[in-house]
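The values are calculated or read from the model by the stated rules, or taken from the named source; none is laboratory data. From a predicted model like this one, the values you see are computed outputs, not experimental measurements. Every residue, glycine among them, receives a Cβ derived from its backbone with ideal geometry; neighbour counts consider all protein chains shown. When the accessible area is computed, the model is the full protein with side chains, heavy atoms only, and any ligands, DNA or RNA have been set aside. Shrake-Rupley method; radii C 1.70, N 1.55, O 1.52, S 1.80 Å.
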Amino acid sequence: SEITLTLIGKPGCHLCEDAEAVVTTVVKSLPELPLTVEELSIEDDKDLFDSYWDQIPVLLINGKVHNYWRIDPERLTTALKELP
C-alpha cells in the first residue's frame, strides 16, 4: 500500500532544507516502495504551527512522527523497509 512521507517545516529553515535533501535521497534509493512525499509549512497552518513550531523539521510516516530536527538517512531507510 501507499506510504506517505510528510515533511513539516518552513521557508528559510536550513535544517528543513537538509531534511528535504535526506528524504529525497532515501526515496530515490527505494524505487521498489510506493512512496509519496508531501511538504507542509507551519506558516500555512495554525494547527501545525501550534504542534510543531519548536521541532521543525518534522517527518511523519503515514501520519505518525518518525523524527524531528535532523533526519537520519539510515534510520529512515530502515523504518521504510520494515513497514508492513
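Key figures for this structure:
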| quantity | calculated |
| --- | --- |
| Test: residue in the range 75-83 that is open to solvent by less than 70 Å² (accessible area, probe 1.4 Å), in contact with a strand residue (DSSP E or B) (Cβ under 9 Å, 6 or more places away or on another chain) and β-branched (V, I, T) | no |
| Residues located in the range 16-58, provided they are over 12 Å from the mean Cα position of the chain (by Cα), farther than 16 Å from R75 by Cα and in a helix (DSSP H, G or I) | K46, D47, L48, F49, D50, S51, Y52 |
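Condition check ((1) surrounded by 16 or more Cβ atoms within 10 Å (Cβ to Cβ); (2) in contact (Cβ under 8 Å) with a residue 12 or more places away in the chain; (3) in contact with a Ser or Thr (Cβ under 6 Å, 6 or more places away or on another chain)) across all residues:
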{"residue": "T6", "(1), (2), (3)": "yes, yes, no"}
{"residue": "K10", "(1), (2), (3)": "yes, yes, yes"}
{"residue": "L30", "(1), (2), (3)": "no, yes, no"}
{"residue": "N67", "(1), (2), (3)": "yes, no, no"}
{"residue": "R70", "(1), (2), (3)": "no, yes, no"}
